[in-house]
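Structure first, commentary second.
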Amino acid sequence: MKLAVLKVGGASAAGAADAVRGLQHVCVVHGAGPQISAEMQRRGLPVEFVGGRRVTTATGLEVVRESFAAVNAELCAAIPGAVGLMGDEIGLPATQVPELGLVGDPLPSAPQAVLDVLAVGCVPVVAPLAAGPLNVNADEMAAALAVGLGADRISFLTDVPGLLYGRGRDPAEAARGRDRRAARSPHGDRRDGGDRVSTVATQAVLPTYARQDLTIVRGSGCWVESAYGNRFLDLVGGIAVIGLGHGHPAPLSAAQEQLQKLWHASNLYWTEPMQALSVSVSSRFGGARSFFCNSGAEAIEAAIKWARKTTGRPGIVALEGSFHGRTLGALSITGQPAKRAAFEPLIPAVSFARLNDVDSLVVDETTAAIVIEPIQGEGGVHPATPEFLAAARELADEHGALLIFDEVQTGVGRTGSFFAFEQLGVKPDAVTLAKSLANGLPIGCLVVSDDAPQGLEPGDHASTFGGNPVVCAAACAVVDAITDELLANVHAREAQLRAAFPTLRGRGLLLALDVDRPAGEIVNACRERGVLVCTAGERTIRLTPPLVITEEEIEIAIATLREVLQ
């Protein structure tokens with residue numbers, strides 16, 4: 001049977017009856033937000049929301065249940081053939097969110113009671129309590145039921161501006177976050193989160209990211225706009241990805257032009273954009289050959305294979321605190337045990353030295369390569385000293401090993417030069433690039449010096465989408481845009497930030513600030529004030545804005561950070 005799930009929000013019971021009329025199989029989920037808040041205020045109980053969800057105590061849960069029961073009865077009286085169901089009584093599952101009290105994240109399910117009501121042609125009307133009992137956001141409960149029941153559509157009926165609209169949408173379309181109206185946020189003009197930003201998506205996407213309740217729909221320069229219409233100064237830049245700013249005309253035009261010519265060709269053949277990009281990167285490096293892929297982790301995988309094949313040795317020396325990616329090879333040389341532990345055993349013959357501790361660099365005739373980030377980004381924005389890098393170069397040369405710099409985060413102008421190593425007095429045998437190389441389009445690149453041995457042969461490594469002509473066309477435009485003028489702006493904006501915060505760590509526009517409280521609190525407070533920052537540790541804030549950020553925009557950032565930090 002074709003099934004629709006209808007979530008009833010601020011709309012009236014009569015409106016729900018009209019919406020259900022003509023639908024053969026429909027499950028209704030309702031909320032009672034206004035009624036709950038009004039009753040809690042009448043009883044002198046606190047009304048508190050975090051991320052759009054109501055903090056619920058045992059006393060508050062009594063009010064929630066009473067309000068749900070009243071709304072449920074009202075809807076059942078208005079909808080022909082309706083059967084009221086309390087979610088906890090029919091065993092709707094959820095995982096508790098302890099920091100919110102008796103609140104749960106619902107899990108997809110197909111309760112037998114709902115199926116039984118549908119089977120006899122009636123309309124189940126479900127109140128969003130879960131087993132526990134736990135209070136559950138009604139939008140999320142509707143999404144969980146839609147997924148669990150295999151619904152064809154999920155619709156939202158409300159008289160509150162800002163939710164999804166229309167006569168019903170495919171859940172997969174809803175998960176893409178399209179068709180939102182203006183802001184719906186009762187907690188302040190600059191704050192997203194009046195309701196959870198996603199409904200079906202929270203149940204349809206694997207939880208591999210700790211995403212904030214913010215859906216970004218467009219960007220321009222150093223600013224992004226949310227689905228609720230709020231604008232934010234973007235000091236994250238996709239985590240050092242949007243080097244030229246959102247929607248920069250040069251890579252945009254290059255990609256659009258290439259889309260009119262050729263989207264993809266197998267690497268059995270050459271394409272003009274890939275050839276052009278390899279020449280541009282070689283010129284910047286001072287003579288090199290490139291392998292193109294789709295991400296920084298893939299570039300590291302290519303680097304490991306190149307080093308092992310070229311030297312005939314297994315050993316890799318990496319650094320404690322480093323981060324090189326989450327594929328198995330890249331994770332194997334990532335010096336953060338918490339990220340590695342769940343996936344061991346990883347590839348063997350990897351050892352770890354301490355950053356800027358020359359004595360801990362143990363290199364011998366089994367070592368294929370030393371892999372170093374000039375600045376450890378994910379590890380807290382800790383720069384390698386020129387002396388440490390020089391010692392690594394000397395040890396690699398002495399033992400016939402290769403020196404590889406992971407410049408996925410530091411490259412393409414981020415530190416004030418095209419490659420970070422240009423300012424450090426040490427040239428590696430190879431570098432990896434990704435992130436900002438195509439200003440947001442997926443790309444990775446292993447760049448091998450012409451002076452280094454070339455051990456790879458046809459068939460040793462490959463990437464189906466590596467060197468994609470559209471992405472390479474955009475990347476060519478990015479490389480051309482890394483001019484002396486742009487790099488001068490990077491240095492000037494760094495100086496401006498350092499004048500305000502002398503304890504900043506890093507180089508160029510890859511900077512970090514240690515704070516005296518959990519960094520997540522700073523991130524949230526800045527977002528509520530219209531500025532996006534991210535973390536690089538439990539008490540470290542990372543700043544990676546677009547390289548085109550202006551003096552005036554930096555002043556906005558400084559003022560916001562000062563307010564939050566005080």
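The values are calculated or read from the model by the stated rules, or taken from the named source; none is laboratory data. Computed from a predicted model, the values in this text were never measured in an experiment. Positions of Cβ are generated from backbone atoms using ideal geometry, with glycine treated the same way; all protein chains shown enter the neighbour counts.
The lone criterion from (1) without any contact (Cβ under 8 Å) to a residue 40 or more places away in the chain; (2) in a helix (DSSP H, G or I) left unmet by residue 220 is number (2).
Would you say residue 413 is part of a loop (DSSP other than H, G, I, E, B), under 22 Å from residue 543 (Cα atoms) and outside the structural domain of residue 546 (by TED's automatic domain parsing)? Considered against the rule, which asks whether it is part of a loop (DSSP other than H, G, I, E, B), under 22 Å from residue 543 (Cα atoms) and outside the structural domain of residue 546 (by TED's automatic domain parsing), residue 413 comes out as yes.
Looking at the range 420-445 only, could you name the residues that are of a type outside the set (S, T, N, Q) and farther than 20 Å from residue 396 by Cα?
Selection gives 433, 434, 435, 437, 438, 440, 441, 442, 443, 444, 445.
Quick check on my filter: what residues within the range 51-66 are in a helix (DSSP H, G or I) and farther than 15 Å from residue 141 by Cβ?
If the condition is that a residue be in a helix (DSSP H, G or I) and farther than 15 Å from residue 141 by Cβ, then 58, 59, 60, 61, 62, 63, 66 are the ones that fit.
Against the criterion of being at pLDDT 90 or above, among the β-branched types (Val, Ile, Thr) and touching a Cys at 6+ places or on another chain (Cβ under 6 Å), residue 26 does not qualify.
Taking the range 19-50 as the region of interest, how many residues are touching a residue at least 24 places away in the same chain (Cβ under 8 Å) and assigned to a helix (DSSP H, G or I)? Total satisfying the criteria: 7. Out of 395, 437, 441, 424, one residue alone is under 22 Å from residue 365 (Cβ atoms) and of a type outside the set (Asp, Glu). It is 395.
In the range 264-313, of all residues being over 32 Å from the mean Cα position of the chain (by Cα) and of a type in the set (Phe, Trp, Tyr), the one that is nearest to residue 420 (Cα to Cα) corresponds to 270.
Based on what the data block shows, is residue 421 touching a strand residue (DSSP E or B) at 6+ places or on another chain (Cβ under 6 Å) and modelled with pLDDT of 95 or more? Considered against the rule, which asks whether it is touching a strand residue (DSSP E or B) at 6+ places or on another chain (Cβ under 6 Å) and modelled with pLDDT of 95 or more, residue 421 comes out as yes. Can you confirm whether residue 116 is among the charged types (D, E, K, R) and at pLDDT 90 or above? In short, yes. Filtered by the rule that a residue be farther than 14 Å from residue 388 by Cα and among the polar types (S, T, N, Q), the range 330-365 gives 332, 334, 336, 351.
Just to check your reading of the model, which residue among 503, 464, 550, 540 is touching a strand residue (DSSP E or B) at 6+ places or on another chain (Cβ under 8 Å), touching a residue at least 12 places away in the same chain (Cβ under 8 Å) and not aliphatic (A, V, I, L, M)?
Just one listed residue meets the conditions, 540.
Considering only the range 100-151, state which residues are without any contact (Cβ under 8 Å) to a residue 12 or more places away in the chain and buried (at least 24 other Cβ atoms within 10 Å of the Cβ). Within the range 100-151, no residue meets the criteria.
Here residue 470 does not fit the description of being of a type outside the set (D, E, K, R) and crowded, with 23+ Cβ neighbours inside 10 Å.
Among the conditions (1) buried (at least 19 other Cβ atoms within 10 Å of the Cβ); (2) within 12 Å of residue 448 (Cβ to Cβ), the only one that residue 289 does not satisfy is (1). If we scan the range 533-556, do we find a residue that is loosely packed, with under 15 Cβ neighbours inside 10 Å, in contact with an Asp or Glu (Cβ under 8 Å, 6 or more places away or on another chain) and among the hydrophobic types (A, V, I, L, M, F, W, C)? Within the range 533-556, none of the residues are loosely packed, with under 15 Cβ neighbours inside 10 Å, in contact with an Asp or Glu (Cβ under 8 Å, 6 or more places away or on another chain) and among the hydrophobic types (A, V, I, L, M, F, W, C). Of everything in the range 354-391 that is among the hydrophobic types (A, V, I, L, M, F, W, C) and part of a strand (DSSP E or B), the residue that is farthest from residue 300 (Cα to Cα) is 375.
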